[in-house]
C-alpha cells in the first residue's frame, strides 16, 4: 500500500496525485516504477496544507477515478481545488518544463483546469462530456499514435496501441478558440480514425482519445495505459508511454 | 440568509436524449422533446458569479440567474432532495466554494428540472413518479415553494415506552404487525416474559434492537433450526484445509494465497430491496458486500466484484407480470444502471456479471460477491476490550433503510412494496471509496482492534455484535445525522449506507482520527466498550436502552422446524421429442444461443469497469472481438508477481425445479470445473455458497436440508471447503391478486482458488487450425433435464445430467490431470471450457467465436443417442478442450473418459458430420442470433 506521507522527495520522482475518489493511483504509481522510474503518491490534502509541494516532483500524473464523486461534472471539483489554490504552483511546474499526464478522470480534470487543450490555467477551452451512448464504457480499444512533436509520442508515431477504456464522459467538446493537438485517435478495424461506436466508445469527434497542450508538456488521454503494461494484461502497449515519461524526467 | 439560484443548461445532453428514447420506447409516444436543467440553490451572503467556475464550464454549459425553460414549451417537473435530507452533492459544492474563497456559502441544494414536450402535466408527473426519483429521500419540488432556509430541518418523535405485559398471543401478533417488527410469535412471547422478569416496560428502541438482532436476516433462524449451519461448518472443520484462515465467523471467508497475503470472498443477496426499488437495492447490494471485505479481519481491500441477477423473463408482456411486482425488464435495466453507478466509482473490477430468468422470480435474486486482499498478519480480528472507543466513520445517518433486516426476512406482498419503501437504502459510492482508501492505513498503523460494517440493523446490530462479550454504552446524540428528524430508535436502526464501526484502543484514537481526517472521512466516537455485559444507550440525556447482552444473544427462541419430503410427482417434467437431422439441430443451436441464459450479455457487462486496479488477467469477456464470455475471472493481486487468484461462479435457476440434491451437486461441480479450466489449482480452492429459497414450509425445509447435506458431504469427499456463505429463506411473493409465487430453489456457488502462474492461464478461445477438439468427461444425451435446450422447446425435461456423489467426487481425477498439464512448460491443452448451459454446442460456438476460427465435429465420435442430446445436454463436469495437433490425446488423458470429436478449422463456422452427411453454419449467422436478445432487453 502506498504511503500518503509522500516521504520521497527525490527530484527525479514522479508524483501520482491522490484526491478523494481517485481510484487508479496505485497501479499508475506501479506503472512508473515498472517503466524504470520512481514514483510517490502525493495527496492533494498535503499539497493544500503545504506538507508537500509540486516542485518536489519531476513530473505529475493525475490518475483515473471519480474525483469528488464527479459531482457537478466529471473532474470539476478537483479542478476547482487545483486552479483556486494551486494555480501558481501548477503554472510554475509547467513553466519549469515538467510534464503533466492526465489519465481518464485526470484528463477530465486537466480539461476543467484549462491546462488542456490550450495550456491556460483557469481558462477553459475544452471539456470531456458524456459519451454519446450515455453509458459507462469498459472495453479494449485500439489507438493510432499521432505525431505531436512532443516527447510523449517519440518513437511511437503511427503505431497502434491496444489498451482498455473505462469511462462515462470521454467525448471532447471545444470552444472556437481551442488549440487541439491530438495525440491518440480511436481507430476502426482498418486502422482508420473513427467516430463510430463501439471502436470509439465515447463518440468523440475526429476519433480524439488524447491531446497534448501547445507546449507539449501536458498530455491527457481517456484510455488507461497503466492497465496494458504487463504480459499478464494481454497487452503491454501502454508501457511505452510511461517509458517516454520516465526517460524525459531523467533528462530534466 | 438570502437564497440565490443558478440555472445550468447543457447544449448537448446525451442523458436527456437517451431518457427521451427510453420513455418513448416505454410507450410515451406523445413525448417529442425532453430537456434537463440543473438548478443550484445557494444560501448565504455571496455573489453567485464567484461560484461560476464550479457550477459552469462555458465550453458546454450556460449558467443564468433565471430558468431558461419556457413554461409554454411543456410541463416542468423539478426533482430535489426532501427538506430534512442533505444532498449527496452538497459537501462537494460547499468544499468547492471554500476553495474558491467564497466563505459566505451556508448551504446548497441541487434540483433537476425536467421539461417534457408534447405531453400533459399529468403524464409528466406520472413519468417522474415512476422513473425519476426515490420517494424515500427525494420529492417533486412544488413550483410555488418559497424557501426560508435550505438547511435540513425536522423534529424527532419522542421515545415511546411500550409494555407487552399481559398481552394475549393475538395481541402480541397484532403489536408485531402494527409496528412493522415482523417478529414471530415465539419471539414476542420471549419479549413479554423478559419484561415481566425485569419489571419495567420497553422503550421502542429496545424492542427494535431485539427484533432486528433476532430476524432471519441477521440471526438465520431458519438455518439454525434446521441445523444447516452446523452441518456445513462441521464439514469444513473436518476437511481442515491448510490454506483456510477464516471460516464463516468473520464478514467473509479467507484463504492463504502466499505466506504474507490472504484472499477473501463473500457473497451477499439483497433481494427484497431490489424487488421493490431496484436502483437503490442493487446499488446498496454492492455497497454492502464490499463493506464485508473492508470489515474482514482488521480491514481488507476489495479486488473484485460480481453482480448476479435472477428475474422473470425481462421481455415479459406487461399483463403477465404478477400484480404488485415490478416489471422484470425494469428490474434488469435498473440493476445494470445501479451496478455501473456503484461499482465503477469504487474502482473494483467486475469479475462476472450474470443475468438469468425463471418465472418464479417476481421477488428477484440480487446477489453480489466481493473478493478481497489482506496481509496475513491482519486476517484475524481481536475482541474489543473495555475502554476501547466505538468509532463510527463514513457517511451520516439518515432515514433510509429502516426495518430493512426485518422486512427482508418477511414474505413480500404487493403491499409491502409500498409500505416498506423506506426499507430501501440509498448508496453514495464516493463516501465508501474514501474509507476504502483509509482503512488499510488505519490497519497498518495498528489503530484497529476490530472493525465491522453497518448493514442490516445499522448501529443497533453492529454495536451489539461487537460488544457481545464485553458490553457497550452509546451516546446517540453524538451520531452525525443527515436527517434531523430521526428519533432514538431510528438512529439505532437506520441502514444508511457507507458506514463502518471500529473498536479503537484509546491510545490510538488520536492517530485514527488524523488518518481519517486526511482521507476526508467523517468520524465520531459514539460510545465505549464496557465490562458490564449490557447494551446501554442514551438519547437527549436520558437512558433509552438497557438490555443484557445475554438476553440479546442467547435467548432468541427458535421454533423447531418440520421437515417433510414432497410428494414425488411434483418434481418431474417431460423431455422434448428428439430432433435427429443435422439442419434441424443447427436451427436448434441458433435458438439455444439466442436463449437469455446463453446469449451475449456484454451489452450489460461492458458498462462495468473490469480492468481497474491493473490486476485483471482474465476479465469477464475476451477473445478476438472482446465479447467471448470467459466464465472466469483471474486476478494477479500482487502487482508484478505471477501468483494469481481465480474466481468463478455457477448459477442455474432451472435445475432446482427437478432435484434439490442434483442442483446443489451440479453447481459445485460447475463452479469448480470453470476454475480448473482457466488454470486454478483444484487443491487450493475454496467455495462460497448463497442460498435463496421460498418461505419455509416442511417441504422446502426438506429440499434445503437435502441440498446442504449434499454439498457438505461432497466438499468433504473433494477436500474442497466452503468458507463463506449466506442464506435467504424469504423467496416468496404474494401478488395483489392473492397468488403466492415461490422462487425456484436457488443455490449459487462461487470459487476462490490459487493460480500458481498467471502467465499459464488457459483461455477459451480457439488458437490454431488443425488442433484437435477433445471432450473430457461423461456426456449422456438422454439427460436434458433443466437444460436451456429443453426450455427453448417449452419443457423442463425429466432428469438432470447428474450421476450422484460418487461420480462427482471422481471428477477430481480429471481436474488434477488438467491442472498438471497446465503446469508444464508447454501446455498441450491450448483452450479449455467447462460444459454447462447450452451444452457442448454453446461452448463450441464461444470458443470458435473467441478465436475467429471454426470447428469440424464428427458427431459419430460422440457415441450413440439422440443428436440434440449430444449437442445440448448440459454435461456439467465435462470439458471441451483444444489439444495441440502434435500431442497424443491418449498419452494426455489415459485412464479418464475422453473422446476426440473433431478439429479446429480456419473457416469461421461450425461443420457437423454424421455418417456421410454434412451440415454447416457460419459464425456470423450464429453471432447474429446470439447478439440480439440482450440488446432488446436494454431497449
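Any read-out appearing in this document is the output of simple, stated calculations on the displayed coordinates, not a laboratory observation. The structure presented is a predicted model; accordingly, all values stated were derived computationally and were not measured. With ideal geometry, Cβ positions are generated from the backbone for all residues, glycine too; neighbour counts draw on all protein chains shown.
Just a few scattered comments:
- Taking chain A as a Gaussian network of alpha-carbon nodes connected by springs under 10 Å, the highest mean-square fluctuation of the residues A:193, A:74, A:232 belongs to A:232.
- Across A:99, A:214, A:176, mean-square fluctuation computed from a Gaussian network of chain A (C-alpha pairs under 10 Å connected) peaks at A:176.
- Span from the segment B:844-874 Cα centroid across to the segment B:188-254 one, whole angstrom: 49
- Cα gyration tensor category, rounded, prolate or oblate, for segment B:770-858 with a/c compared to 1.5: oblate
- Highest-MSF residue in chain A out of A:200, A:177, A:118 [GNM, Cα springs under 10 Å]: A:177
- Between helix A:25-34 and chain A: long-axis angle, C-alpha atoms, 0 to 90°, nearest 10: 90
- Taking only the Cα atoms of segment B:209-284, the ratio Rg/Rh comes out at 1.07, with Rh defined as the Kirkwood radius.
- Chain B, relative contact order [Cα under 8 Å, separation at least 6], %: 12
- Using all pairs of distinct alpha-carbon atoms, the Kirkwood hydrodynamic radius of segment A:4-251 works out to 17.4 angstrom.
- With neighbour counts taken as other beta-carbon atoms within 10 Å, the residues B:884, B:580, B:802, B:260 rank, fewest first, as B:260, B:580, B:884, B:802.
- Peptide packing: for B:522-531, B:909-918, A:105-114, B:145-154, the average count of neighbouring Cβ atoms within 10 Å per residue gives the ranking A:105-114, B:522-531, B:909-918, B:145-154, highest mean first.
- Modelled label positions at residue A:157 and residue A:190, each set 7 Å beyond Cα in the direction of Cβ, lie 2.5 nm from each other.
- DSSP beta bridges in chain A [antiparallel fraction, %, rounded to 5]: 60
- Counted by neighbouring Cβ atoms within 10 Å, the residues B:477, B:742 run from fewest to most as B:477, B:742.
- Partner shielding of A:81-90 amounts to 2, given as the average count of beta-carbon atoms from other chains within 10 Å of each residue beta-carbon.
- Measuring r between the beta carbons of residue B:132 and residue B:177 and using R0 = 30 Å, the FRET efficiency lands at 0.40.
- Working note: 222 nm ellipticity from helices only, DSSP H runs with n ≥ 4, each -39,500 (n - 2.57), summed and divided by the residues of the protein assembly as shown, gives -9000 deg cm²/dmol to the nearest 500.
- With a simple spin-label model that places each label point 7 Å from the Cα along the Cα-to-Cβ direction, the separation between residue A:123 and residue B:382 comes to 5.9 nm.
- Centroid-to-centroid, using Cα positions, segment B:1-28 and segment B:596-673 are 36 Å apart.
- For segment B:42-116 and segment A:229-245, distance of Cα centres in Å: 42
- Mean separation of Cα pairs under 8 Å and 6 or more residues apart, divided by the residue count, gives segment A:4-251 a relative contact order of 19 percent.
- Length-normalised contact order of segment B:81-234 in % [C-alpha pairs under 8 Å, at least 6 apart]: 20
- Of the three principal axes defined by the Cα atoms of the protein assembly as shown, the extents in descending order read 87, 87, 63 Å.
- Label-to-label distance, nm, for residues given as residue B:737 and residue A:91 (7 Å Cα→Cβ offset): 7.2
- Compared with the direct C-alpha span, the chain from residue B:25 to residue B:237 gains 70.9 nm at full extension, assuming 0.36 nm per residue.
- The ranking of B:934, B:60, B:393, B:872 by Cβ neighbour count inside 10 Å, starting from the fewest, reads B:934, B:60, B:393, B:872.
- Average other protein chain Cβ within 10 Å of Cβ, residues A:22-29: 5
- If both residues of a DSSP beta bridge must be in the protein assembly as shown, then about 80% of such bridges are antiparallel.
- The long axis of helix B:169-178 is offset from the longest Cα principal axis of chain B by roughly 90 degrees.
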